[in-house]
Structure formats: structure tokens, C-alpha cells
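Here is the structure we will look at, set down as C-alpha cells.
The values are calculated or read from the model by the stated rules, or taken from the named source; none is laboratory data. Because the structure is predicted, anything quoted here is derived from the model rather than measured. In this analysis, Cβ positions are derived from the backbone assuming ideal geometry, glycine residues included, and neighbour counts consider all displayed protein chains. Remember, those area values only see protein heavy atoms, side chains included, never the ligands or the DNA or RNA. Shrake-Rupley method; radii C 1.70, N 1.55, O 1.52, S 1.80 Å.
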Amino acid sequence: GGGAGAAMADGEGLVSVDYEVYGKVQGVFFRKYTQAEAKKLGLVGWVQNTSHGTVQGQIQGPTARVRELQEWLRKIGSPQSRISRAEFSNEKKIKALEHKEFQILK
């Protein structure tokens, strides 16, 4: 760091992180609720069901907001879901968002 750009607080940068949520997360409107929560937080990315019974996707946005959705994916989810664990990987700082919105992928 250092230099002219250092005025921007570290927590304000954009990040991208991949996630996978394990438990009873398919057939319980998990994707729909994840999309709604992401939109509420102003995040972009995607969510989809996997063939092995998990839900996975990517989140991009301001660090603090991404942390909020990570917490939501870990603990809350949709009303009928039973989350056993959420795993996050490939976290990286990005200069600009790579998605236009938060989509549910088939």
C-alpha cells in the first residue's frame, strides 16, 4: 500500500469470494432467499444447486457487505433450510464487479 490511493479504507474495497453451503439446502427455496438477501445488501454474483446436494456460487461487492452475506450463508439461509456448514474459497480483491446482478443459475 501507501501512496495516493491509501486514503480508501481497507474495509471499503471490493472482494470476490466463492462459497459452497452444505446441509438441507436444496428444495427449500435456498437460492431464491440467497438472491433476495444479496440484492438487499447490494451484492452481485450467482447461486446454483450442485449435483451433489449442495448450493454453490460467488459473491462480489464491498468487503463489509460480503461478510454479512457470508454470515447469513453460515447461520441463517432460507426458513426451511438446515445448514451444516458453509465453505468459502478463492477470496480476492477486485477492481470492479464482474457481474451485473445476482443471478440464480439453473
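Do the conditions hold for residue 37, that is, is it out of contact with any strand residue (DSSP E or B) (no Cβ under 8 Å at 6 or more places or on another chain) and under 16 Å from residue 13 (Cβ atoms)?
Against the criterion (out of contact with any strand residue (DSSP E or B) (no Cβ under 8 Å at 6 or more places or on another chain) and under 16 Å from residue 13 (Cβ atoms)), residue 37 does not qualify.
Being of a type in the set (Val, Ile, Thr), within 17 Å of residue 32 (Cα to Cα) and open to solvent by 90 Å² or more (accessible area, probe 1.4 Å) is true for just one of 76, 104, 83. Which residue is that?
None of the other options fit; the residue is 76.
Inspect all residues belonging to region 43-52 and state whether any of them is in a helix (DSSP H, G or I), over 20 Å from residue 101 (Cβ atoms), touching a residue at least 12 places away in the same chain (Cβ under 8 Å) and out of contact with any Cys (no Cβ under 7 Å at 6 or more places or on another chain).
No, region 43-52 contains no residue that is in a helix (DSSP H, G or I), over 20 Å from residue 101 (Cβ atoms), touching a residue at least 12 places away in the same chain (Cβ under 8 Å) and out of contact with any Cys (no Cβ under 7 Å at 6 or more places or on another chain).
Each row is one residue, and each column tells you yes or no for (1) acidic (Asp, Glu); (2) assigned to a helix (DSSP H, G or I); (3) at pLDDT 95 or above.
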{"position": "72", "(1), (2), (3)": "no, yes, yes"}
{"position": "77", "(1), (2), (3)": "no, no, yes"}
{"position": "86", "(1), (2), (3)": "no, no, yes"}
{"position": "106", "(1), (2), (3)": "no, no, no"}
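Name the residues in region 17-40 that are surrounded by fewer than 18 Cβ atoms within 10 Å (Cβ to Cβ) and assigned to a helix (DSSP H, G or I), would you?
Result: 32, 36, 39, 40.
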